[in-house]
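Participant: Pasting in a structure now, in structure tokens, and then I'll have a few things to ask.
Please treat every number below as a calculation from the coordinates, not as lab data. Predicted, not measured: the structure shown is a model, and the values here were computed from it. We place every Cβ from the backbone using ideal geometry, glycine too, and count neighbours over all the protein chains shown.
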Amino acid sequence: MPKRLSPITERPLQVEHFATSTLRPDPHNARKHSHRQIKQLMNGIVEFGFTNPILVDEHLQVIAGHARLAAAKELKMETVPCIRLQHLTKPQKTALAIADNKLTDMSSFDPQALAAQLAKLCEVDFPTELTGFDTAEIDIVLGGSTITTPERAETFVAPGSGA
């Protein structure tokens, strides 16, 4: 087990709303986001609302949620929900920023369960592209084939560019 940087304690989380103009993207953020991904996030925010708060530090620098912030700015949102993490050390902030993105990359879908869920959405004529899968991927899933990860887009949005 890795050495812990601090003891595990319960810390109540509080969602606060901050102006998008006051949030500072981390200039060293290693994760890059394509215009396509930002557009998909925008579509999700419009359909579902802003459901996943941005994680910020005590200086309102973004730890996790750079793409959500870029989507919110594109949508001209004045404020976004955030959780301020004031107890983290600088190395912990860096590690959390990386882990927040990397750990989700390490999962996979149960093909049968995914096909069943997408089929349910199709039955009620829900716009399935809001799931993040494009039409071709959905057709493959519903046809019983294996999902392949889409190629990364060549154009990336710089953190904080609002593009």
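Participant: Relative contact order for segment 1-114: what percent, with Cα pairs under 8 Å and sequence separation of 6 or more?
Facilitator: 33
Participant: Take segment 12-98, compute every pairwise Cα distance, and split them into 10 Å bins from 0; I just need the percent in each bin.
Facilitator: Cα pair-distance distribution for segment 12-98, in percent: 17, 52, 28, 3.
Participant: Can you tally the net charge around Lys93? Count Lys and Arg as +1, Asp and Glu as -1, for every other residue whose Cβ sits under 11 Å from the Cβ of Lys93.
Facilitator: -3
Participant: Right, something else. First measure r as the distance between the Cβ atoms of Lys32 and Phe126, then evaluate 1/(1 + (r/R0)^6) with R0 = 22 Å and state the FRET efficiency to the nearest 0.05.
Facilitator: So, using R0 = 22 Å, E works out to roughly 0.15.
Participant: Which value does Rg/Rh take for segment 97-140 over its C-alpha atoms, Rh per Kirkwood?
Facilitator: My calculation of the ratio gives 1.07.
Participant: What number results when the radius of gyration of segment 6-63, computed over Cα atoms, is divided by 2.2 N^0.38 Å?
Facilitator: It is 1.37.
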